[in-house]
Each structure stands twice: as C-alpha cells, then as structure tokens.
Amino acid sequence: MAEIRLAKNSGFCFGVQRAVSMLEAELDKPESREIYCIGEIIHNKSFTDSLKKRGVKIITPAEIDSLPENATVFIRTHGVPKQVYEQLARKGIEHIDATCPYVKKIHRIAERGGESTAVIILGDANHPEVQGIKSFAKGKVFIFSDCEELKNSSEIKGLKDSDILVVAQTTYNIHEWEKCQKFIKNLYTNARIFDTICSVTDERQQEVLSLAKECDLVVVVGGASSSNTAKLCKIAAENCPSAIHIENAKELAEYPPDLFQAARKIAITAGASTPSSIIQEVLQTMTDLTNNELSFAEMLDQSFKTLNIGERVTGVVSAVSPAEIHVDLGTKHTGILPYDEITAESGVDLEKEYHVGDPIDVVVMKINDLDGTVLLSKKKLDAEKNWQTVQKAYEDGTILTGTVRETVKGGVIVGVQSIKIFVPASQTGLPKDSALDQLRGQKVSLKIVEVDSKRKRAVGSIRNAARAIHKKEVEDFFVNVQVGQKFTGTVRSLTNYGAFVNIGPVDGMVHITELSWGRLKPPAEMFKIGDKIDVYIKSVNVEKKRISLGYKTEENNPWRIFENNYHVGDVVEATVVSLMPFGAFAEIILGVDGLIHNTQIALKPVGNPASVLKIGDKVTAKITAIDLEKNRVSLSIKALLEADAEISEEDRKNNVIEETKAEAEETAEESKTEENSAESKAVENNEEGTAEETKAE
C-alpha cells in the first residue's frame, strides 16, 4: 500500500481565496446585477463553469465600452493594466477590485520610477499579471522569461548608467529568480531589486521540492493554463521519478493503474487556483486506486488547513492604529498584531509603515476561540528570517550592513535588522586602545566569522569586511582602468623621487620627471599632503596591481604657452632663480627660465653674478634669442641700458669670448641635469621595489 501525503500548502492561496470570497459575497446580494469578470477569476474550468451558471460573464477589456450602465466589473487576482482602470472611470462603470495585494505592491514599485527608469520584469510576457505590471511603469520595460534570455539580451547591456528597477511575477520560479538576481547584481551595481515573489509561492515550491525528493510519484492538480501550477509540475518532474499534471480526478483514469500501484510514496499538491473540492476528489480517487486504508473522512480532515500555535501564516492588513494592526487570516478569527509584536524599535509610525490591503507574514501565538481572536507576532517571524540571513551570510561569506548600537566589554554590538552581532575590539578596524564609543550610531559593513546556531549568537568583523570590499574595489579598478584615463586624486605622500597620489581604491606614483616641464624641483616644493591634483594613467601593471601616473600635459606645457606669447625683442619682467659662474637664470613664466650671461648683466662683463644679483631679484631684460628645440631663452639686461653707453672694442671681443664659453658651459650643465634625472629614475625604481617588498613582508 502506498503512503499518500497531501501538501500542507495546496489549493487556494490567500489572494485567490480573498477574490473568490469577494465574488461570492457579491453574488449572494439580494439585488440583481450583471457581473462581468475581466478574464477567468482562476485558471480552473470546473470553477469557471459554475460561475457562469450563476450569471457571471467572462469578458475582455475590449468589451468594456459595450457594457450596460448598470454593469459591475470584477477585477481578478492577476490585476489589469492601468489603462483598464482609466477606461472604467471614463465610462463610469462600477468595479470591484480583487487584485492580489502582492500584485498591487508590484504596481506601486513599478510606478516609483520616472520616464528614464528601466524596469526589468522577470516572468511570462503574455501573462495578464505581467501585462498589468508593465502598464504601471513610466519608462522602458524589459521582460525576460529566464536567466538565459536575460544574459543573451543585447539591449540590457546598454543600461549601465540608467536607473534600474527589477521585479518578478509573483509566481516566478524561486531558483530562476536567484540566478537572475546574481547576474543583475554583477552587471549593475545601481539596480534596485525587489523580491516580489509571493511568499506562498515560495513555500509551495520549496514544499514540492522536498516532497519530490522523498516520493516515487507527485500528482499536481491545477488548471492547464495556470502559471504557478505549471511551475510546481516542472519542479516535481525535475526531482521525482514520476510527476503528472491533472485538472481534476477524472483525468487520473487516463494513466495506467501500474503507475499508482507501483509507487510506495505519493505526494499530492495543487496550484493556487485549485478549489479544495477538486483536491478532495483527487485524494479520494488516489485512495481507491492504491487501496489505501485511510477513510475519506480522515483524508478530508488532513486536507483542511487550521490555525495552530506556532504556525506561520500570511494574512492581509484589515485595519491599522498606532497601537496595533488587525489581520484578515481568511478564517472566522480576527488576527491581532500588537505594537510590541511588530517591531523591537521605538518610535515606528505603524500608520505610515503599514496599509490596509498589504499582505503580511506572521506567526500564531495564541488562539482565543471564545473572543474569536488570534494573537499574532511579526517580530518573532522576522527574527527567524533575519537569523537565517545571518547564517547564510556566514556560509556564503556575504557582507552585511548594520548599525553600531552599543559598546560592551571587549567590543561593540552591531544591529543587523533585528539580530545583534558582537564585534570584538580587535575586529573593529580601529587602532589598539582606541575609544570604541566613536563607532556608536555609525552604519558599518561586516562579515560573519562565527555562529552559534543553538544559542543564535554570531560574531562579526568590520575589519574583514573592509578588506574584502577594498579587494573587490581594487580588482574592479584594474579590470576597467585604461591608459590615458583622467582622475582627480589626493596627494598621499611625497618622496625625493616623486609623489604618491590616491585615485579611489589605489595609489599611483607620479615620478619627479612627470611633475614639471622645467627644471626638476623637489616634489615637496610643488605639493603638500592632502592636495587635490589632476592626473592621468600613464601605464598599468595588472599582475603587480601597480600604476604610474602622469601630471604634466601638453595643455600645461609652459614652453607652448611661452611660444604663443613671447618673441625675440620682447622686454620681460623676470625673477632670478639661480646663480651660476657663467651667469644667472631668471624665470619668465612658471617653468620657463632664461639665461642672463655674465656679459649681459651689465654694460661690462661681470666676473661673479652673485656680486650683482641675488636669488629672488626682479629684473627687466630683453629676449635676445629663443631655441624651442633645446628649450633655451637668452636674456639681456645690458641691451636695455642706456643706448649711448660706449663699449670699447676690447670689451666687445671679451663679450664674444664669454658668450661662446657660456654656451659650452650651459650645454654641459644640461647634460649634467639629464644624468641626474636618469640617476633619480634608477633610484626611484630601486626604492619603489624595496617599498613593495617591505609591504609584502
């Protein structure tokens, strides 16, 4: 004899039960009215036929304009497009809206975006629920049936800079949803993802998965066009030796008797649109087919879902006050949810956070049949869900976000939703013996490093989370960085061979030769730590995670500026910046110096420039020569002295000799500067390598 197991979560979900109750209440009213339902209220032919016999007419939105004035339109659980509501309003036709609260919630989410928001819907594009969700979006909508279709879309890859909302059909496959979430999160860091799969759907799919792995046969009962029933059947077929999909008990006769008699364990489940009467008929027929000794009455008792203490249920908010929430559980009892059983936080405005018609998950605490009330708790259910989140984060290495609530001996307590996580002082990321109070009230990221499932306690690390986040940021940086890319960075440190500049998650070095177009200056004379400077990527070493930065560009090349603004014969104001045995160098503009040779400082040659000039002196001189290829400028103070000054022939000869000698000395000086630059570069490379080795140690 086979063991027959009836899934606890089978038949009408609360949304369908709510819609059916609303329609039956309307049909039971004494006044006679024409009721028109937009589409079948549920995907079940037997039930739909019974409604037609009671006068309910099934119509399409296109038929609304031809309805009589006294018509009443019934909107089923799937909901309708926004245009249908507008059409009903224009016609002045009364309607009853039985749209599932879960679906209504998705409508509100879709409306949040603007015209530039891209809305991604995961589900069946032809399903009426998805069509309704699509109509409430203001921007462009993308609909995908599964993760493979999502990955292969060329349009979706062009939305990286867009505002993105992601929702799912309430009956979408939970495993496919998890794959899609992971793909979208990797592709778009700015996407807002809303888990809109109905909790009842999730529970049914998880229960079917569990039953399928334990049984030899799974019988799925539901309409042939029912989306959620089809998904249950698919899960069962993938995890059980045999699975069949039927609409009613009569269809069991289409299968060979050996299929049922050979099975030792049989599971029966049903879609959300399957009436309990059909489930009972299937159950009775299966009992007969397998010669099961259980009576129909016993099977009937098992099939009815009752409220039990400790049971998790989903209801609909029916009333909200500052002190409590009333919940419709679909039974004769009224669910009472006191403030203290809703949240552990103080100051929460229940009337703002919760609204009539919203679905809500709760756990049964106490049943009072005399008063007809049930004491419920959301807080305990949330605590269990949140603990599961913490456990999963520990297993997966996921980073969680919380707020530092208090400091305790040896560390701090971080609140992650309603769970308290202890973070030792050594894992806070603060220096040793730092005051932990400075973290109080701060939002922090942390990794779970230890869990005690029995005591429901966990230990976290802010430091490990920061390291993981930084590592990911560095990896992402080197994946996307390109040579020539520009950044505004912050000077972190200064050395004698360059400046280290922070650009986001990494530091790069600007070599001293990249800092200035003119004569090399110590980096400390040009910048100070904390300065913001514009740099660009000069080279990238992905393996060593090292970058070199450039600072000087053609746009700020002082020699280009000089070329465009100064010419031979111009008189300039210059500042003496250095004194050499053969003359003085004076800065014309930042980065461009001109040589005033000994023979050009005064009317007669000067043996020692320091006897006439000192560094910092402002002088007026005439440009006598420009060599842009060698970046040289010759200046003369003498040329501006009184024109009638007499210069002897001997002085002129001496001047020619001195000028020739000066050119040779200047060339030698430049060669020496280039040698020093090369030596500096070699030292820098050696010091940088040593620094990297020290860091690695």
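Some observations on this one:
- Within the stretch 176-235, the residues that satisfy the criterion of being within 25 Å of P359 (Cβ to Cβ) and among the polar types (S, T, N, Q) are Q181, T196, S199, T201, Q205, Q206, S210, S225, S226, S227, N228, T229.
- Members of the stretch 422-464 found to be part of a loop (DSSP other than H, G, I, E, B) and of a type in the set (S, T, N, Q), listed by number: T428, S434, Q442, S453
- Answer residue from the stretch 281-320, given it is modelled with pLDDT under 50 and outside any helix (DSSP H, G or I) and is nearest to H333 (Cα to Cα) among those: K305
- Top-ranked residue in the stretch 7-53 [being outside any helix (DSSP H, G or I) and of a type in the set (F, W, Y); ranked as nearest to C233 (Cα to Cα)]: F12
- K57 meets all of the listed conditions (1) at pLDDT 90 or above; (2) surrounded by 17 or more Cβ atoms within 10 Å (Cβ to Cβ) but one, namely (2).
- Residue in the stretch 413-421 that is in a loop (DSSP other than H, G, I, E, B), outside the structural domain of V540 (by TED's automatic domain parsing) and touching a strand residue (DSSP E or B) at 6+ places or on another chain (Cβ under 9 Å) present: yes
- Members of the stretch 86-121 found to be within 20 Å of R33 (Cβ to Cβ) and either modelled with pLDDT of 95 or more or assigned to a strand (DSSP E or B) (or both), listed by number: E94, H95, I96, D97
- The residues listed here are K213, K185; of these, the one that is in a helix (DSSP H, G or I), surrounded by fewer than 17 Cβ atoms within 10 Å (Cβ to Cβ) and more than 32 Å from the chain's Cα centre (by Cα) is K213.
- Look at the stretch 33-53: where a residue is in the same structural domain as H95 (by TED's automatic domain parsing) and under 17 Å from Q17 (Cα atoms) and a partner is among the small types (G, A, S) and exposed (fewer than 15 other Cβ atoms within 10 Å of the Cβ), sitting 6+ places away or on another chain with Cβ atoms under 8 Å, you get H43/A224; H43/S225.
- Restricting G410, G397 to those that are surrounded by fewer than 14 Cβ atoms within 10 Å (Cβ to Cβ) and without any contact (Cβ under 8 Å) to a residue 40 or more places away in the chain reduces the list to G410.
- The residues in the stretch 37-46 that are surrounded by 19 or more Cβ atoms within 10 Å (Cβ to Cβ) and either of a type in the set (A, V, I, L, M) or out of contact with any helix residue (DSSP H, G or I) (no Cβ under 8 Å at 6 or more places or on another chain) (or both) can be counted, and the count is 3.
- Qualifying residue in the stretch 533-542 (condition: loosely packed, with under 12 Cβ neighbours inside 10 Å, touching a residue at least 60 places away in the same chain (Cβ under 8 Å) and more than 22 Å from the chain's Cα centre (by Cα)): yes
The values are calculated or read from the model by the stated rules, or taken from the named source; none is laboratory data. Because the structure is a prediction, the values reported are computed rather than measured. Cβ: placed from backbone, ideal geometry, glycine included. Neighbour counts: every protein chain shown.
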